[in-house]
1. Cut-off is 10 Å between beta-carbons; in what order do A:197, B:117, A:100 appear when sorted fewest neighbours first?
2. Let me know the shape class of region B:48-207, please: from the alpha-carbon gyration tensor, a ≥ b ≥ c as square roots of the eigenvalues, rounded when a/c is under 1.5, otherwise prolate if a/b is greater than b/c, or oblate.
3. For residue B:269, project a label point 7 Å along Cα to C-beta. Then give me every residue of region B:70-88 with its amide nitrogen under 15 Å of that point.
4. Report the residue of chain B with the smallest Cβ-to-axis distance, using the rotation axis that brings B onto A, in whole Å.
5. Calculate how large, on average over all directions, the projected area of the Cα convex hull of the protein assembly as shown is; give the answer in nm² to one decimal.
6. Can you tell me the FRET efficiency between residue B:138 and residue B:47 if r is taken as the Cβ-Cβ distance and R0 is 35 Å, rounded to the nearest 0.05?
7. Taking square-rooted eigenvalues a ≥ b ≥ c of the alpha carbon gyration tensor, is region B:278-371 rounded, prolate or oblate, where a/c under 1.5 means rounded and, failing that, a/b exceeding b/c means prolate?
8. Which angle between 0 and 90 degrees, to the nearest 10, do you get for helix B:353-368 versus the longest principal axis of chain B when only C-alpha atoms count?
């Protein structure tokens, strides 16, 4: 990755003083991002999956339901209805769009799509407890409102609900989907283990390979699983299922690169997190580890900063150190590279560009999003 | 429950000074307990299920596997092999024995039995974190060795593994079993929620109904589910499946009554827990809540003791207060009553005493055990 590192910024990015709602530059694409088609796909996925999700959550006992409804943004902490911001439904959209791309019916894959979204939210609930993250989707995290125990139990219940949906699904692919989803959960857990374990290590003690493997397990695995489940529900053969998994994994890694960039240089009004929160918490995100491993003076300065807890006024220096060490440029190039790999996998399974269009739009959306 | 409460002990039980290895008096039975047949069934179940469990755990990534192998007693904390004490395999034994009792083949239900055991251990891992319990099966709990995050993640992985086993199982009942097991997980979570939530309340603020409902959810549900899964794997109709579930639930409640009695009056060398640990932690176990609700002077004294944290020397007074308020007698009578109900349910589904013999032995074992 050395070649991507540059101490001199040719076109210095505006970093924290960036104007609101602009976000990072488009990745691996020319011209301005056009999220139009993706926005439609995401909205359709939400409309399809939301009733299934709400039905599943409604089946929970009171004590679990209130935590989950709060977490999904359907209720306030006091149980009164809320407008709701349950996230972008990227994973359910991938399931449904993959099913369609492989010649299946979207409607038959709705339960699988809901199951993937339930697993995603189970991991969010648990990760927030472990990471002591206090904000999610612009609101206090569930554990800060209901306590650690209830957040963990609500997560446990969501994992169970996900498997419940698949166990009840008469579709011939539902067992294979359940097996794949279970494997994915294990991979997500291993990824989260590595993440928490790495947080305890010093800044000089993390390799890029480790952080990439962690990102693949934490983010790539579930996006890959979502695509693979769509393919399974379309009756695709194992080669195409694996190609869709690989597509989703690579797109997921691209997503993670951009997400980490946004976590540092994004607008907090869009991200829903305080500016630089990850840096202040000394998180070893992809651009940070790349910067630490860059062998540049800025990388050494970043390591110095990371060796001690955050002190007032450090944020701007930290942001600049990551940028000057090439962390931002590298992450954006990596995102483009992963997207290229994702498209290769997609082309193998879905050579017809029209059939592949929806998945392509979603993949571009996640690597272009400014929120 | 008033009639079971007695301030005067006709046959005062020896409480804490009880001789070792004797345990509480047999419940609802005449003559000494004979765990012979149950011991054979449990050992056979362990032999059948152990390879399946070990294979499933071996499929986990390194980071999860070491926590799980430690938790099961197969490894020491440093990863060296341990003699192993993975618990009594009551739940797998119930699955296999129920399958046989309903005319099915034990061998076909081995994966389901392993799945139930994995779910049981997932909940133990999580409950120990929430309850801050430091000892399990005579060893430090997983979270004390590996930290909260890894214990939670290992539990998450075990739930996933349980569903993985059923998803892979070609038996025609596997989907119905997976749905039932998922529902059971949700019930276990709700039970654990009630448990942790009750611990935060004062001693006067807990009703017997609540603590009974909690015990049914936390203990009865999974024993019921184990029996129901066995029935499903035998191809039983829904009436018999439900009867087996009810049998397991009632036996599970009987078990919990006895377990709580043992938790107070049992020999720590057998229980693996320090004497009176639950009382010192001010846990609202069934005999304690019964004693608190007894309206007796001893119950009032117990409430006084429970209003403040444990102080050195209180233990003997606390034990005696529970006993004098009738908590022990009540719990033992309740255990006998639940056993009678369990047998009613069993007779409905399995009228042939010979076919029902194994389940009967197991139910008697759990309400007689002194360890």
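1. Working: A:197 15, B:117 31, A:100 20.
Placing the least packed residue first, the sequence is A:197, A:100, B:117.
2. It is oblate, given that a/c is not under 1.5 and a/b is not larger than b/c.
3. none
4. That would be B:163, 2.
5. Working: hull surface 131.4 nm².
Its Cα hull, projected and averaged over all orientations, spans 32.9 nm².
6. Calculated value: 0.95.
7. On the way: a/c = 3.98, a/b = 2.67, b/c = 1.49.
Taking the square roots of the gyration eigenvalues as a ≥ b ≥ c, region B:278-371 is prolate.
8. Helix B:353-368 sits at roughly 40 degrees to that axis.
All of the numbers you see were taken from the coordinates with simple rules; none came from a lab. Since the model is a prediction, treat every value here as computed from it, not as a measurement. Virtual Cβ from ideal backbone geometry, glycine too; neighbours counted across all protein chains shown.
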